[in-house]
Amino acid sequence: MYVARVLYPVEVLGPGKRVGIWFCGCPRRCKGCSNPELWEFQERYKTTPETVFELVKSVAKEHDIEGFTITGGDPMFQATDLQRLLYLLKEISDDIIVYTGYKINDIIPEMLSNISVLIDGEYIEELNDNSLLRGSSNQKVHILDEAKADKYRTYFNTESNKVQNFFTSDGVVSVGIHRPDF
Ligand code: SF4
């Protein structure tokens, strides 16, 4: 599998302090995609679900992890590894948001059963309306885990879009839903 970034604490892509995981690789090439540097499946980002999980476990030893937000790239292009990673991550938290350009009907039930919230559909720059968690208004938020429905309804009723910058050794990673002119 190819994973380019694991960041913590991500506080702008779902409730609480989350681990953000950015898969690398997406052939969709949507106009205005905020992560074009993650379109190619890059060998330098090759890893395994177990390696990512060990990294997450090391974070969990010293920090509270409210949940995970998995984005990219489009993680569904690496469905087998994504499924394995979801299975492992649930040992730490079963609050897992997944972004994909696929539509929910294209995704097998076994995958959906491991996801709390799915945000589906390709990004359409002209429909970027600063919606919470959605890059563009055609995308839909599917709360799949009924046990978390109240938590997410509250989140959507009380939160607004924010951006969070992470400073790394070689630059800045800006996390969140950005406006087209950002
Ligand atoms: S599906 Fe997402 S990651 Fe892929 S090109 Fe579109 S916006 Fe970018």
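The values are calculated or read from the model by the stated rules, or taken from the named source; none is laboratory data. Everything numeric in this text was worked out from a predicted model, so none of it was measured. Positions of Cβ are generated from backbone atoms using ideal geometry, with glycine treated the same way; all protein chains shown enter the neighbour counts. We work out accessible area using only protein heavy atoms, side chains counted, and drop any ligands, DNA or RNA first. Shrake-Rupley method; radii C 1.70, N 1.55, O 1.52, S 1.80 Å.
Tabulated data for the structure shown
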{"quantity": "Answer from S93, S136 - the residue that is outside any helix (DSSP H, G or I) and within 22 Å of V173 (Cα to Cα)", "calculated": "S136"}
{"quantity": "Given (1) more than 14 Å from the chain's Cα centre (by Cα); (2) over 27 Å from A149 (Cα atoms), index of the condition R5 fails", "calculated": "(1)"}
{"quantity": "Top-ranked residue of the range 111-141 - restricted to ones that are open to solvent by 40 Å² or more (accessible area, probe 1.4 Å) and under 25 Å from S93 (Cα atoms), ranked as farthest from the chain's Cα centre (by Cα)", "calculated": "S113"}
{"quantity": "Test for S169: is it of a type in the set (S, T, N, Q) and either in contact with a helix residue (DSSP H, G or I) (Cβ under 8 Å, 6 or more places away or on another chain) or buried (at least 18 other Cβ atoms within 10 Å of the Cβ) (or both)", "calculated": "no"}
{"quantity": "Filter result for I108 (β-branched (V, I, T), open to solvent by 40 Å² or more (accessible area, probe 1.4 Å), more than 16 Å from the ligand (Cβ to nearest atom) and touching a helix residue (DSSP H, G or I) at 6+ places or on another chain (Cβ under 6 Å))", "calculated": "no"}
{"quantity": "Selection status of K31, more than 14 Å from the ligand (Cβ to nearest atom), farther than 26 Å from F156 by Cβ and more than 14 Å from the chain's Cα centre (by Cα)", "calculated": "no"}
{"quantity": "Enumeration of residues in the range 39-83 that are in contact with a helix residue (DSSP H, G or I) (Cβ under 6 Å, 6 or more places away or on another chain), at pLDDT 95 or above and within 16 Å of the ligand (Cβ to nearest atom)", "calculated": "P75, L82"}
{"quantity": "Residue check, K90 in contact with a strand residue (DSSP E or B) (Cβ under 9 Å, 6 or more places away or on another chain), of a type in the set (D, E, K, R) and within 16 Å of the ligand (Cβ to nearest atom)", "calculated": "no"}
{"quantity": "Where a residue in the range 52-74 is within 24 Å of D145 (Cα to Cα) and its partner, wherever it lies, is surrounded by fewer than 19 Cβ atoms within 10 Å (Cβ to Cβ) and modelled with pLDDT of 95 or more, with Cβ under 6 Å and at least six apart", "calculated": "F53/L88; A60/I92; I65/I92; I65/S93; E66/G16; E66/K17; G67/S93"}
{"quantity": "For P36: the one exception among (1) under 13 Å from the mean Cα position of the chain (by Cα); (2) surrounded by fewer than 18 Cβ atoms within 10 Å (Cβ to Cβ); (3) within 14 Å of the ligand (Cβ to nearest atom)", "calculated": "(1)"}
{"quantity": "Test for D150: is it more than 19 Å from G20 (Cα to Cα) and either part of a helix (DSSP H, G or I) or under 14 Å from the mean Cα position of the chain (by Cα) (or both)", "calculated": "yes"}
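Every residue, every condition in (1) assigned to a helix (DSSP H, G or I); (2) of a type in the set (S, T, Y); (3) open to solvent by less than 40 Å² (accessible area, probe 1.4 Å), yes or no:
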| site | (1), (2), (3) |
| --- | --- |
| L7 | no, no, yes |
| P15 | no, no, yes |
| W22 | no, no, yes |
| V59 | yes, no, yes |
| D64 | no, no, no |
| Q78 | yes, no, yes |
| L88 | yes, no, yes |
